[in-house]
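Report on the structure given below.
The values are calculated or read from the model by the stated rules, or taken from the named source; none is laboratory data. Nothing here was measured: the structure is a model prediction, and the numbers come from that model. Neighbour counts run over all protein chains shown; Cβ positions are idealised from the backbone, glycine included. Side chains are part of the model used for accessible areas, which takes the heavy atoms of the whole protein and leaves out ligands, DNA and RNA. Shrake-Rupley method; radii C 1.70, N 1.55, O 1.52, S 1.80 Å.
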Amino acid sequence: MDEIKRIAELRALLEYHNRRYYIDNSPEIGDIEFDHLMHELERLEQLHPECYDPNSPTCRVGADLSNEFEQVKHEYPMLSLGNTYSREELFEFDARVHKQLGLGQSVEYVCELKYDGTSISLIYDEGALRRAVTRGDGVKGDDVTANVRTINTVPLKLHGDFPDRFEIRGEILMPFAVFDRLNAEREEAGEQLFANPRNAAAGTLKLQSSAEVAKRNLDCYLYYMPGRVDGITTHYDSLVAASKWGLNVAKNYKLCSSIEEVWSFIELWDIKRSELPVPIDGVVIKVNSYAQQDQLGYTAKSPRWAIAYKFKAEQANTKLLSITYQVGRTGSVTPVANLEPVRLAGTTVKRASLHNADVIESLGIHDGDWVYVEKGGEIIPKIVGVDLSRREPGANPIKFITKCPECGTALVREEGEANHYCPNEMCPPRVLGRIEHFVSRKAMNIDGMGSEIIELLLSSGKISNVADIYTLPERRDELVGLEKIVYVEEPAEHVEVSLANMFDVVSSEPRLVPKKLFSLQKRSVDNLIKAIEKSKQAGLSALIHGLGIRHIGESASKDLARNFNTIEALQSATIEELLNIEGIGKQMAESICSYFANSENIAMIDLMKSCGVVTTCTESKTSDKLSGMTFVITGTLSTNRDHFKKLILAAGGKVSDSVSAKTTYLLAGENAGSKLSKAQKLGITILDEASFMNMLSE
Ligand code: IVH
């Protein structure tokens, strides 16, 4: 593949996974896979300096900022660490250190456990905890002092001979035992589970209620002082001193005088880690002497005097009990293995993902097989192999189901696709998915209509499609008091078998008993109705986007709304008319026509119209100055690109993502890269910000 294209693809991919990890606390890939993608991007960016972008994932450390906390700038940036995965890479690190220091120097290393939680910076002032700040984007983080104060292992007052003011960093962790309990409670309450103790710790730290944080029993281990304290000249001594002041310094650190000794420490802890009450994912190796640390210095992202060694994922062996097939919101069917519970990396594993039919086939998995499971960063671990020596004679290979487990429709698998799909548009998870998309922020933005409420409205028959939402304000009374009931298993009764009662009828099977989860209160119904009423004004582009027409995303919806102005005009557009619009290709045009050819879709739109949903373009067009012109925006401008995009759209212009012969102008900011060179090649007029603004105001 074209390397430039791959750079763009990797940036988007890493940005997405960064968000899943730092903001959503719900990672989809493991650290090793993430690092692998990051290394590939670093390598390609080195080969293509013209693609420099200060916003590339390689230039930042990842962000976990959330809006609710005050943001504070770190006195010293919170960097990350370089990673190694093998003895060989570790020895290369040692060789680099020796080379940079001058070959004659001897080097001592401090080995520490690499705690797998969320990092924290603590400021102590006159012996009292002043501030606790998360890493955030490495430059500034969230002030979570109130929450950190609830952690018992963070001293609020120091003792002994502590410095006036200093910063110490460490890791906030959720012990396995707490994690297991928390997830069990969440499972029972029907809430989303935390993927791992790290996400649970990060999520807990960002809770609004410190009281709630206190209940979760977080722990905090400290391991690094970024500033210097008079009289302390090594990292090791700084840890010893911090312990003396009463700080909870991470245990099990060791001073080593050779890299061989470091390797022995790693080998030891690779085995012993399963005995720890908190998760670790490797060992951190730091040059001990401050003088040597200063000499080695830093790269943009990490110190040259420290490195992390990451352990390989732990494996466990267990028996396959059955396979459940889950139908996703797009209709895709995912097989999930139910396993005999087994301990793995500190938690109990009961399920593992099998992804799709190809994975089942390539594993060659049979009924009742003993399988190897491994944890990445995901909630559900993976099956990575089968123990053939324990296969029962006569066991049958697993056969993928042919009918949808939710609605019974025959499944389809399109040419070249790995997944099976349920093609039934009315299959319950698909209906739910469509409604969730319709109410989402970038579509009709119906605040307060979360998945639980949608499920409740669907299961109680109050709605069956997106249009029905607009009939709810008329039926307010039906909603108040609506209850969500789940059926939970009640454990089997324990029966003492004696002659006296052996003929009594006592159920020994687990029973399903109803449990009320929540009911809709007057206030939430009022708020929901307000949000529904407000969403009627969302406008045509939000509506088109919300309909979830295949291949039509947010930006295509805007183009369609601006070009057709009314839903009726779009409904009756021909393929040719659609293809005339910049940004609308054949696949999109066909998809739009087939959507509106379906009479059920037309009926839904008619119902929405009759309920007062605005179906015309409300985007404020201030002029036609840029009408017929297509812009591409690139480089760093004085403010974000969205601002300029809005200006262009408001003046009747169009904005496209890629430079082509159809581009009228390239609006280029600083450090523009490949788009600039392509535009130059094609002879397209390049505008800087000032000339663009002139053009608008002329
Ligand atoms: S030292 C400048 N020591 O790992 C060096 N970090 O991948 C600062 N971590 O952001 C970090 N255990 O959250 C250090 N013993 C340890 C650690 C540790 C876990 C985390 C920390 C850091 C990340 C880097």
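So that you can scan it fast, the table gives a plain yes or no per residue for (1) open to solvent by less than 10 Å² (accessible area, probe 1.4 Å); (2) closer than 19 Å to Glu698 by Cα:
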residue: Thr636; (1), (2): no, no
residue: Asn640; (1), (2): no, no
residue: Leu647; (1), (2): no, yes
residue: Gly653; (1), (2): yes, yes
residue: Leu666; (1), (2): yes, yes
In segment 228-248, residue farthest from the ligand (Cβ to nearest atom) [restricted to those that are within 24 Å of Phe93 (Cα to Cα) and surrounded by fewer than 18 Cβ atoms within 10 Å (Cβ to Cβ)]: Thr233
Among (1) within 16 Å of the ligand (Cβ to nearest atom); (2) in a loop (DSSP other than H, G, I, E, B); (3) not aromatic (Phe, Trp, Tyr) - the single one Lys312 does not satisfy: (1)
Considering residues of segment 249-267 that are of a type outside the set (Val, Ile, Thr), under 16 Å from Tyr115 (Cα atoms) and not in a strand (DSSP E or B) only, the residue nearest to the ligand (Cβ to nearest atom): Ala250
Selected residue (only one of Arg131, Arg181, Arg96 is among the basic types (Lys, Arg), more than 16 Å from the ligand (Cβ to nearest atom), in contact (Cβ under 8 Å) with a residue 12 or more places away in the chain and more than 24 Å from Lys251 (Cα to Cα)): Arg96
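What do you reckon, is Asp270 modelled with pLDDT under 95, open to solvent by 60 Å² or more (accessible area, probe 1.4 Å) and within 16 Å of the ligand (Cβ to nearest atom)?
On the way: modelled with pLDDT under 95: yes; open to solvent by 60 Å² or more (accessible area, probe 1.4 Å): yes; within 16 Å of the ligand (Cβ to nearest atom): yes.
Against the criterion (modelled with pLDDT under 95, open to solvent by 60 Å² or more (accessible area, probe 1.4 Å) and within 16 Å of the ligand (Cβ to nearest atom)), Asp270 qualifies.
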Count - residues of segment 554-581 that are open to solvent by less than 30 Å² (accessible area, probe 1.4 Å) and part of a loop (DSSP other than H, G, I, E, B): 2
Residue list for segment 273-285, restricted to those being over 28 Å from Leu156 (Cα atoms) and within 14 Å of the ligand (Cβ to nearest atom): Arg273, Asp281, Gly282, Val283, Ile285
Test set (1) over 24 Å from the mean Cα position of the chain (by Cα); (2) buried (at least 19 other Cβ atoms within 10 Å of the Cβ); (3) at pLDDT below 95 - Tyr109 fails condition number: (3)
Whichever residue in segment 211-227 is away from the ligand (no atom under 14 Å from the Cβ) and in a loop (DSSP other than H, G, I, E, B) and, among such residues, is surrounded by the most Cβ atoms within 10 Å (Cβ to Cβ): Leu218
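Select from segment 677-698 the residues that are more than 25 Å from Ala650 (Cβ to Cβ) and surrounded by 15 or more Cβ atoms within 10 Å (Cβ to Cβ) and list them in ascending order. Even if it seems obvious, please write down each step before you answer.
Start the filter on segment 677-698 by keeping residues that are more than 25 Å from Ala650 (Cβ to Cβ), which leaves 677-678, 680-683.
Passing the criteria: only Lys678.
Yes or no: segment 301-320 includes at least one residue that is among the β-branched types (Val, Ile, Thr), in contact (Cβ under 8 Å) with a residue 40 or more places away in the chain and either farther than 26 Å from Gly30 by Cβ or surrounded by fewer than 16 Cβ atoms within 10 Å (Cβ to Cβ) (or both). Outline the logic, then answer.
Just the residues of segment 301-320 that are among the β-branched types (Val, Ile, Thr), to begin with: 307, 318.
Okay, now just the ones that are also in contact (Cβ under 8 Å) with a residue 40 or more places away in the chain, so 307, 318.
Now narrow it down to the ones that are either farther than 26 Å from Gly30 by Cβ or surrounded by fewer than 16 Cβ atoms within 10 Å (Cβ to Cβ) (or both): none.
Checked segment 301-320: no residue is among the β-branched types (Val, Ile, Thr), in contact (Cβ under 8 Å) with a residue 40 or more places away in the chain and either farther than 26 Å from Gly30 by Cβ or surrounded by fewer than 16 Cβ atoms within 10 Å (Cβ to Cβ) (or both).
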Single condition Asn671 does not satisfy, out of (1) over 16 Å from Ala561 (Cα atoms); (2) out of contact with any Pro (no Cβ under 8 Å at 6 or more places or on another chain); (3) open to solvent by 50 Å² or more (accessible area, probe 1.4 Å): (2)
Selection from segment 75-93 of residues that are open to solvent by 40 Å² or more (accessible area, probe 1.4 Å), within 16 Å of the ligand (Cβ to nearest atom) and part of a helix (DSSP H, G or I): Glu89
